[in-house]
Amino acid sequence: MIKKIVASSLVASALLFSGCGENNAEDRLSAQQALDKGDFSTTISNLESKSVKTTEDYMLLASAYMGKAGLSFTDTVALVSNANSTNDNKSFANYAKEIEKKKNPETLANLQKAISYYEAITGTSVTAAPAYKASANPSTTTGDRDLFLSLAYMTKATVVLSYLGDVQKLGDTTTDDPNILASACAISYVYSTSGLPTYCTRFSITDGGIDGDYRKISISDIASTAIYYRLKFADPAKKEMLLTDYKDSNTAPILIDGNVTTISKALVDTLNNSFDTLATIAPEDMKKDIEEFRKEIASDGNITAEAIANYLAGEIK
């Protein structure tokens, strides 16, 4: 699978230098050479300052930001393939663990930059699944763009998981991770329409204080008296849990492009949209891998906030 996809991307790269002026070709070649050497900052500085950018510029910039995030296109494809090679029915957990190893403090911001440049190729932002699927077509440039964009979205959602607890403990039934369980119960507390699941009886969950637009969720471990905090909107009409870092005792919302993001947007929508599109346009081997990811999270393939909470809780002791 990896060889086929990389070969396809090389064909697209060859097209970057066709049909353009000599100066543009030289600039782009220089940016491509820097990218090939892993000098992502040079690629970005060469192209980002251009007032008028071409499709090829956007593709190179997106690739540079993926690399700067620590997760190049080739890395991501390899991780998807390797995650399914263990035959332990923990493919998505394996993928999440490897993503966590490659994550750096700027990974989320750089992934969002890459996504923005992929989206800029069509001049429109891709958000809803129907429009996103409709944008896929078999032409080389756009087809590659949609494959790369889908992988970037899926990678971003997987990075988001790492802010909910120690993902290295996913699939480990011998070691407890109270942070993962606290996050799962907080998600259920905010989104569930049928009450808390039984695994949350370990905690006492209450609304805490209000800080501006946000309200803390206090998740108290009854046995150990430890308290874990998560965040939601203060407005009761906005039933959304916000993305925070479980390592941050201040419980500040994580900003992406200067905006807060919710669990439903950063995980539910992003995973569903990326999985839907990859199921349509990815090579056959990758489609099978993605289907394994999807069914591991939700056996019926319907990824909801509650399904994610149940998945996280079920992957630890």
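Side notes on the structure shown:
- Elements of type helices (runs of 4 or more DSSP H) in region 1-115, at least 1 residues being out of contact with any Lys or Arg (no Cβ under 6 Å at 6 or more places or on another chain) and modelled with pLDDT of 90 or more: 40-48, 55-68, 73-83, 91-102
- Failed item in (1) among the aliphatic types (A, V, I, L, M); (2) within 17 Å of the chain's Cα centre (by Cα); (3) within 27 Å of Thr174 (Cα to Cα), with Leu278 passing the rest: (3)
- Considering region 190-199, the residues that are free of Cβ contacts under 8 Å to residues at least 40 places away in the same chain and closer than 19 Å to Glu240 by Cα include one that is surrounded by the most Cβ atoms within 10 Å (Cβ to Cβ), namely Leu196.
- Residue check, Thr261 closer than 22 Å to Ala307 by Cβ and touching a Ser or Thr at 6+ places or on another chain (Cβ under 8 Å): no
- Summed over region 308-317, residues that are hydrophobic (A, V, I, L, M, F, W, C) and either open to solvent by 70 Å² or more (accessible area, probe 1.4 Å) or in contact with a Phe, Trp or Tyr (Cβ under 8 Å, 6 or more places away or on another chain) (or both) total 2.
- Condition check for Asp257: open to solvent by less than 70 Å² (accessible area, probe 1.4 Å) and either more than 22 Å from Tyr199 (Cβ to Cβ) or in contact with a His (Cβ under 9 Å, 6 or more places away or on another chain) (or both): no
- Only one of Ile281, Ile316, Ile297 that is in contact with a strand residue (DSSP E or B) (Cβ under 7 Å, 6 or more places away or on another chain), more than 21 Å from Lys216 (Cβ to Cβ) and touching a residue at least 40 places away in the same chain (Cβ under 8 Å): Ile316
- All positions within region 151-189 that are open to solvent by 20 Å² or more (accessible area, probe 1.4 Å) and over 30 Å from Glu119 (Cα atoms): Asp166, Gln168, Lys169, Gly171, Asp172, Thr173, Thr174, Thr175, Asp176, Pro178, Asn179, Tyr189
- Of everything in region 308-317 that is not in a helix (DSSP H, G or I) and not aliphatic (A, V, I, L, M), the residue that is farthest from Leu242 (Cα to Cα) is Lys317.
- The combined condition, being in contact with a helix residue (DSSP H, G or I) (Cβ under 6 Å, 6 or more places away or on another chain), aliphatic (A, V, I, L, M), in contact (Cβ under 8 Å) with a residue 40 or more places away in the chain and open to solvent by less than 50 Å² (accessible area, probe 1.4 Å), is not fulfilled by Ile205.
- Sole residue being of a type in the set (Asp, Glu) and modelled with pLDDT of 95 or more, chosen from Asp172, Asp235: Asp235
- Cβ-Cβ under 6 Å pairs, at least 6 apart or on other chains, region 157-168 side touching a residue at least 12 places away in the same chain (Cβ under 8 Å) and small (Gly, Ala, Ser), far side surrounded by fewer than 24 Cβ atoms within 10 Å (Cβ to Cβ) and outside any helix (DSSP H, G or I): Gly165/Asp177; Gly165/Tyr246
- Residue match in region 228-242 (condition: under 24 Å from the mean Cα position of the chain (by Cα), of a type in the set (D, E, K, R) and at positive phi): no
- Total residues in region 265-307 satisfying the condition of being assigned to a loop (DSSP other than H, G, I, E, B), crowded, with 21+ Cβ neighbours inside 10 Å and of a type in the set (Gly, Ala, Ser): the figure is 1.
- Residues being in contact (Cβ under 8 Å) with a residue 40 or more places away in the chain and either in contact with a Pro (Cβ under 9 Å, 6 or more places away or on another chain) or not β-branched (Val, Ile, Thr) (or both) - total across region 39-63: 8
The values are calculated or read from the model by the stated rules, or taken from the named source; none is laboratory data. Source: prediction; values computed, not measured. When we count neighbours, we look across all protein chains shown, and the Cβ atoms used for this are built from the backbone with ideal geometry, even at glycine. These accessible areas exclude ligands, DNA and RNA; they are computed on the full protein's heavy atoms, side chains included. Shrake-Rupley method; radii C 1.70, N 1.55, O 1.52, S 1.80 Å.
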